[in-house]
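Worksheet: the structure to be examined is printed underneath.
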Amino acid sequence: MWQSPSMSYQPPMSNDEFRRAGHEMIDWIADYWERVEDLPVLSQVEPGDIRASLPTSPPESGEAWSDIMSDVDELIMPGITHWQSPNFFAYFPANASPPSVLGELMSAGLGVQGMLWATSPACTELETHMMDWMIDLCGLPDRFRSGGAGGGVIQDSASSGALVAILAARERTAGQWRWDELVAYSSEHAHSSMIKGCKIAGLTEDQVRSIPSDPTTHAMDAQALRRAMEEDIVAGRRPFFVQATAGTTSSTAFDPVHEIADICKEYVAWLHLDGAFAGAAAVAPEFRFVNDGLERVDSYTFNPHKWLLTNFDCSMFFVADRQPMIAALSVLPEYLRNAASDEGAVVDYRDWQIPLGRRFRALKLWFVIRTHGAEGLANFVRSHVDMAKNFEAKIEAHPQYEIVAPTPLSLVTFRHVGGDADNERIRDAINNGGESYITHTKLNGQTVLRLAIGAVRTEQRHVDATYNLLAALA
Ligand SMILES: *Cc1c(COP(=O)(O)O)cnc(C)c1O
């Protein structure tokens with residue numbers, strides 16, 4: 001028998017050292033949050049700078065924790081774009097807040113795998129409970145509740161949610177249609193994750209249709225959707241999946257979900273609604289227009305990791321009927337069999353997602369919801385919408401700028417009247433200056449600027465400061 005001389009490895013960080021380093025880490029994060037406002041928002045390093053500063057090979061022997069932390073400050077921090085800065089207005093926000101970070105830390109410490117109910121019952125049951133709570137918090141339809149035919153799960157991203165929806169929709173047509181006869185549809189302003197999901201699911205480019213949108217509202221033209229589906233049917237193809245958007249990435253446009261649902265019902269196509277950013281607004285009852293038509297969709301996704309104080313990753317995915325999804329994703333090898341699953345008494349979330357393993361994400365959501373309460377969450381999104389309205393009014397009053405799309409929530413899309421080159425110049429000047437960070441998009445072929453308000457520490461004065469920069473650059 002093989003015998004090792006001394007194979008009981010003593011890990012370098014003892015529990016006491018971990019305690020000390022951990023307390024320091026919390027201080028480090030809290031200090032970071034206090035000073036993040038003064039850091040240049042967009043990292044100013046050049047490609048390759050960070051790698052060039054790192055040793056080419058891993059260390060032969062372990063290093064002191066204090067050396068590692070000082071390298072974080074010196075080598076890593078210059079390459080950080082500060083998403084938690086109150087002056088971050090690019091893309092959409094990626095919220096991180098104290099209770100969510102503590103939940104994340106606890107989840108890492110527990111280190112559980114929640115693939116089956118049996119592998120950690122609390123991981124599954126708290127998640128089911130949070131998904132039901134989210135239905136109450138956002139006024140979502142009862143058909144998504146865990147007690148009925150549907151239910152909810154936390155995905156890593158809205159992109160995964162779209163992929164799961166595509167696979168469930170495909171499952172519904174199984175046995176009747178060949179995979180290469182299926183066609184999927186979304187508006188030209190739908191998020192790129194829809195096309196990526198179709199690609200992963202094995203659809204070719206000519207099985208995915210991009211439907212034009214209204215040039216003023218940027219919402220999907222439902223009649224154009226109907227025409228495209230009818231053409232495909234005449235050609236012997238099978239429309240199987242439509243993705244509508246509640247709040248597009250470019251301009252928070254809302255597709256006409258009721259009209260689209262009528263069409264999907266007629267042609268028996270799965271309707272997935274992507275509310276990745278805007279969905280969170282429903283925590284405030286006056287913004288429940290974001291849920292319009294939701295009681296008629298097959299699946300729905302939105303991201304607390306964007307605008308609901310919960311750090312990435314935490315994406316809500318709801319289905320009205322979980323059977324096709326489970327049929328599409330369930331594979332049961334012998335080594336995962338257990339009594340609770342066999343009896344059908346429990347939910348096994350591995351059947352609701354692509355990977356097997358899963359993190360205890362519900363913990364951070366539970367901490368966030370309990371710390372803020374429904375009222376706190378509503379006031380959080382309200383504050384950003386107020387700031388956006390305020391900014392919109394100032395832009396409207398400025399002779400050199402114009403608003404280019406409605407501002408239903410906290411994203412303002414606008415442009416300098418001078419044309420694309422002026423808008424690119426202004427964007428680059430702002431971002432290179434480090435005091436603020438905004439991004440652009442294209443609407444009706446024109447370059448337009450986006451100011452997306454939603455960082456945890458953003459106040460009116462930060463938005464005003466960015467307005468002043470814009471005014472100075474006009
Ligand atoms: C951000 C966004 C997504 C993608 O979200 P992930 O969670 O990063 O996959 C999808 N749809 C819309 C409308 C978005 O704004």
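The values are calculated or read from the model by the stated rules, or taken from the named source; none is laboratory data. The structure displayed is predicted, hence computed values, not measured ones. Positions of Cβ are backbone-derived with ideal geometry, glycine not excepted, and every protein chain shown enters the neighbour counts. Heavy atoms of the whole protein, side chains included, go into the accessibility calculation; ligands, DNA and RNA do not. Shrake-Rupley method; radii C 1.70, N 1.55, O 1.52, S 1.80 Å.
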Scan ALA222, ALA253, ALA261 and give me the residue that is under 19 Å from PHE318 (Cβ atoms) and modelled with pLDDT of 95 or more.
ALA261
Report yes if some residue within the range 55-70 is touching a residue at least 12 places away in the same chain (Cβ under 8 Å), open to solvent by 20 Å² or more (accessible area, probe 1.4 Å) and part of a helix (DSSP H, G or I); otherwise report no.
yes
Which one is farthest from ALA246 (Cα to Cα) among residues in the range 153-171 that are near the ligand (Cβ under 8 Å from one of its atoms) and open to solvent by 10 Å² or more (accessible area, probe 1.4 Å)?
ASP156
Considering only residues that are open to solvent by less than 40 Å² (accessible area, probe 1.4 Å) and in a helix (DSSP H, G or I), which ones fall in the range 112-126?
CYS123, THR124, LEU126
Test each condition in (1) aliphatic (A, V, I, L, M); (2) free of Cβ contacts under 8 Å to residues at least 40 places away in the same chain; (3) in a helix (DSSP H, G or I) for VAL45 and report the one that comes out false.
(3)
Name the single residue that is farthest from LEU449 (Cα to Cα) among those in the range 76-97 being open to solvent by less than 40 Å² (accessible area, probe 1.4 Å) and in a helix (DSSP H, G or I).
MET77
By residue number, the members of the range 350-377 that are assigned to a loop (DSSP other than H, G, I, E, B) and either modelled with pLDDT under 95 or over 20 Å from TRP307 (Cβ atoms) (or both) are GLN353, ILE354, PRO355, LEU356, GLY357, ARG358, ARG359, PHE360
Do we have ARG415 as in a strand (DSSP E or B), under 16 Å from LEU469 (Cα atoms) and open to solvent by less than 70 Å² (accessible area, probe 1.4 Å) here?
yes
Identify the residue in the range 293-349 that is of a type in the set (Ser, Thr, Tyr) and part of a loop (DSSP other than H, G, I, E, B) and, among all such residues, is surrounded by the fewest Cβ atoms within 10 Å (Cβ to Cβ).
SER330
Within the range 256-286, can you find the residues that are under 22 Å from the mean Cα position of the chain (by Cα), part of a helix (DSSP H, G or I) and within 16 Å of the ligand (Cβ to nearest atom)?
VAL257, ALA278, GLY279, ALA280, ALA281, ALA282
Criterion first (at negative phi, at pLDDT 95 or above, part of a loop (DSSP other than H, G, I, E, B) and β-branched (Val, Ile, Thr)) does THR407 satisfy it?
yes
Looking at the range 180-196, I want the residues that are in contact (Cβ under 8 Å) with a residue 24 or more places away in the chain and more than 16 Å from the ligand (Cβ to nearest atom) and have a partner that is hydrophobic (A, V, I, L, M, F, W, C) and part of a helix (DSSP H, G or I) with Cβ atoms under 7 Å, at least 6 apart or on another chain. Which pairs are those?
none
Look through ILE426, ILE403, ILE430 and report the one residue that is without any contact (Cβ under 8 Å) to a residue 12 or more places away in the chain and surrounded by 13 or more Cβ atoms within 10 Å (Cβ to Cβ).
ILE403
For SER251, all conditions in the list (1) in a helix (DSSP H, G or I); (2) open to solvent by less than 20 Å² (accessible area, probe 1.4 Å); (3) over 28 Å from ALA174 (Cα atoms) hold save one; what is the number of the exception?
(1)
Would you check if there is a residue in the range 135-149 being open to solvent by 40 Å² or more (accessible area, probe 1.4 Å), of a type in the set (A, V, I, L, M, F, W, C), touching a residue at least 12 places away in the same chain (Cβ under 8 Å) and under 21 Å from GLY293 (Cα atoms)?
yes
Checked against (1) open to solvent by 80 Å² or more (accessible area, probe 1.4 Å); (2) within 30 Å of GLY376 (Cβ to Cβ), SER100 satisfies every condition except (1)
Please enumerate the residues belonging to the range 102-140 that are within 20 Å of the chain's Cα centre (by Cα) and of a type in the set (Gly, Ala, Ser).
GLY103, SER107, GLY139
What's the total number of residues in the range 287-316 that are near the ligand (Cβ under 10 Å from one of its atoms) and among the hydroxyl-bearing types (Ser, Thr, Tyr)?
2
For the range 86-101, which positions are more than 15 Å from the ligand (Cβ to nearest atom) and closer than 17 Å to LEU42 by Cα?
PRO86, ASN87
Selection within the range 359-378 - among the basic types (Lys, Arg) and farther than 25 Å from GLY109 by Cα
none
Here are some conditions: (1) open to solvent by less than 10 Å² (accessible area, probe 1.4 Å); (2) touching a strand residue (DSSP E or B) at 6+ places or on another chain (Cβ under 8 Å); (3) not in a helix (DSSP H, G or I). HIS440 meets all but one. Which one does it not meet?
(1)
